[in-house]
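Every number here is computed from the coordinates shown, using simple stated rules; none is lab data. Computed from a predicted model, the values in this text were never measured in an experiment. Cβ sites come from the backbone with ideal geometry, for glycine too, and all protein chains shown count toward neighbours.
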Amino acid sequence: MNARQFLIAVTGLATALLAACSSRVPDVVTIGVAVPLSGPQAGRGKDLLDGVQLAVKELNAKGVVIDGKAVTLEVKAMDDKADKAVAAGVAQALVDAKVHTVVGHLSSDISEVAIPIYKKGNLPQLFTSSARNLTTLAEGNGFRLVANDDLQALAMASFVTTMLPAKKVSMIYEDTAFGRPVSKAVAEGLAKGGATVAINQGFDNKTTQFDALVAKLKTDTPEVLIAVMREHQLLPLFQQMKAAGVTNLAVVVTNSAKTTKMASTPHPFKSLHATSNALDAFEFERTGQEFLTRFRAQYKAEPVWGAHYAYDATYVLVGAMQKAASVEPEKLRAALKVVDIGVPATGSMRFSESGERSYAPIAVYVANGGKWDMVARSDVW
C-alpha cells in the first residue's frame with residue numbers, strides 16, 4: 001500500500017467512525033405515551049396524549065437538533081385501560097419497542113405495576129401518578145410531573161379543619177395504591193387539626209352501590225365527607241345520598257375527581273370542594289393562556305385535566321436530550337435531574353435528584369356553576 005492509498009484508507013476509516021458516533025443519535029426519537037384511552041378514565045388519558053402530541057407537532061415544526069443532528073420526534077401511544085394486567089403488558093411492549101422515553105401512566109396503582117418494568121428495561125419515565133412511594137420505587141428512573149399525595153393530603157386536612165372549618169368528618173377512599181396512603185395521611189392531618197373521623201372506609205374502585213355507607217352517614221351526621229375516589233364512583237354515590245336525604249354536609253374530593261363533569265353535575269350538598277395537585281392551565285396567567293389558544297386551535301376543545309403538564313414534559317424531555325447531547329437512558333436521566341428551561345405552558349418544570357417536582361403547589365377549588373373556582377393555593381400547607 002502506497003502513501004496515497006494509506007491516506008485514503010485512513011480517511012475512510014475516520015469517516016466511518018464519525019458516522020458511527022453520530023448514529024448514536026437516531027433519525028427518529030420516539031416518545032411512548034401509556035395512558036387509559038378507553039374506559040372510565042379515558043378522558044384524562046386522552047388529555048395527556050393530546051398534550052404530548054401538540055408539543056411534538058410544534059417541536060418538529062421548529063426543528064429539533066440533538067448533538068448537532070436534526071431529528072424527528074414521533075409518538076407511540078398505547079392504551080393501558082387503567083388495568084394493572086394490561087398496563088404491565090403495555091410497559092413491556094414499550095420497552096421491547098425501544099422507545100426512548102415514556103410519558104405515563106395516569107393512576108398510581110397502574111404506575112406501581114409499570115415502574116419496575118421500565119426500571120428493568122432501562123426506560124426513563126415521566127408520570128402524573130401522585131402516590132408518594134412511586135419516585136422511591138423508580139430509583140431515579142421516574143420523574144413526577146405534579147405534586148405528590150403527601151402534599152395533597154396535608155392541604156386537604158388543613159382546608160377542612162381551618163377553612164371550612166369542621167370537627168366531625170367522615171372519609172371514604174378507593175382501596176388502591178392511590179386511595180390508601182392518601183386517606184391515611186389525611187386522617188393523620190385531621191387528628192392534628194382537632195377533628196374526629198366518624199367513618200374511615202375503603203371500597204373496591206369499581207363499587208357503585210353504597211347503601212350501607214349512606215345509612216351510616218345518615219346516622220353519624222358528619223359535617224364533612226372526604227372522598228378519595230373518582231368520578232365514576234362519586235356520581236352514583238351522590239345520587240344515593242340525595243335520595244336518602246343525606247345532604248346537610250360539605251363534600252371534599254381529590255384531584256382524581258376534579259373533572260368538568262363533576263363540577264357541572266348538580267349536587268345537593270352545602271358545598272363541593274376539590275383539592276388538586278394539577279393547576280388548571282389558565283391559572284398560569286400569560287403562558288397558560290397562550291397554551292390554551294394553541295390547544296383549542298388544534299383540538300377544537302378544552303383540555304380536560306393535565307394536558308399542559310404532558311405538553312411541558314415533552315419540551316423538558318427534548319431540552320434534556322439536547323443538554324445530554326444524547327438519547328441514551330443514563331445520560332437522559334442525569335440531564336432530567338439538572339435541566340432548567342422555560343416551558344411554554346406552566347413556565348417552569350424542574351426535578352429534584354429523587355424525581356419530584358422542585359416546586360409543586362396544591363390548590364383547593366369549589367364547584368360553581370359548572371366550573372371549578374380556586375379558593376386557596378399554596379406549597380406550604
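Some notes on this structure:
- Under the Karplus curve 6.51 cos²θ - 1.76 cosθ + 1.60, θ = phi - 60°, whole-Hz ³J(HN,Hα) for the stretch 29-35, x wherever Gly or Pro sits: 9, 9, 9, x, 10, 10, 8
- The residues packed around Asp67, meaning those with a beta-carbon under 11 Å from its beta-carbon, carry a net charge of +3 if Lys and Arg are +1 and Asp and Glu are -1.
- Part-to-part distance (alpha-carbon centres) for the stretch 163-208 and the stretch 306-342, which is given in Å: 36 Å
- Counted over the chain, the DSSP beta bridges are approximately 30% antiparallel.
- Relative contact order (%) - the stretch 315-380, alpha-carbon pairs under 8 angstrom, separation at least six: 19 percent
- Geometric descriptor of the chain, per residue, is 134 Å³ (volume of the convex hull of the Cα atoms).
- When the helices of the chain are scored as -39500 (n - 2.57) per DSSP H run of n ≥ 4 and the total is divided over every residue, the value at 222 nm lands at -13500 deg cm²/dmol.
- Neighbours of Leu123 by Cβ distance under 11 Å: Lys/Arg scored +1, Asp/Glu scored -1, total +3.
- Shape index of the stretch 306-381: Rg/Rh, with Rg the Cα radius of gyration and Rh the Kirkwood radius from the inverse mean 1/r over Cα pairs, equals 1.10.
- Shape class of the stretch 154-313 from the Cα gyration tensor (axes a ≥ b ≥ c, square roots of the eigenvalues): prolate, since a/c reaches 1.5 or more and a/b is larger than b/c.
- Residue among Asp79, Asp109, Asp67 with the largest mean-square fluctuation in a Gaussian network model of the chain, springs linking Cα atoms under 10 Å: Asp67
- Relative contact order for the chain: 17 percent, from Cα pairs under 8 Å spaced at least 6 residues apart, divided by residue count.
- 5 angstrom amide H check on Thr101, placed H, neighbours 5+ away: Gly32
- Placing +1 on the Cβ of every Lys and Arg and -1 on the Cβ of every Asp and Glu, with nothing else charged, gives the chain a dipole about its Cα centre of roughly 180 debye.
- Trypsin sites (Lys or Arg not before Pro), loop per DSSP, at most 14 other Cβ atoms within 10 Å - longest free stretch of the chain: 99-205
- Exposed-loop-free span, longest in the chain, where GluC sites (Glu not before Pro) count as exposed if DSSP calls them loop and at most 13 other C-beta atoms lie within 10 Å: 140-352
- Cut-off under 5 Å, modelled amide H: who pairs with Ile66 long-range: Val71
- In the stretch 18-99, the inverse of the mean reciprocal separation of distinct Cα atoms equals 14.1 Å; this is its Kirkwood hydrodynamic radius.
- Amide hydrogen proximity for Phe351: with H placed 1.01 Å from N in the peptide plane, the residues at 5 or more positions away or on another chain lying under 5 Å are Ser358.
- Cα gyration tensor category, rounded, prolate or oblate, for the stretch 244-381 with a/c compared to 1.5: prolate
- Across the stretch 253-262, coupling constants 3J(HN,Hα) worked out from phi with the 6.51/-1.76/1.60 Karplus curve, θ = phi - 60°, read 10, 9, 4, 5, 10, 7, 10, 4, 5, 5 Hz, and Gly and Pro carry x.
- Span-like helix criteria (full DSSP H runs; alpha carbon extent of at least 15 Å along the helix axis; mean Kyte-Doolittle hydropathy of at least -1.0) are satisfied in the chain by 3-22, 42-62, 84-96, 108-120, 179-192, 231-244, 307-324.
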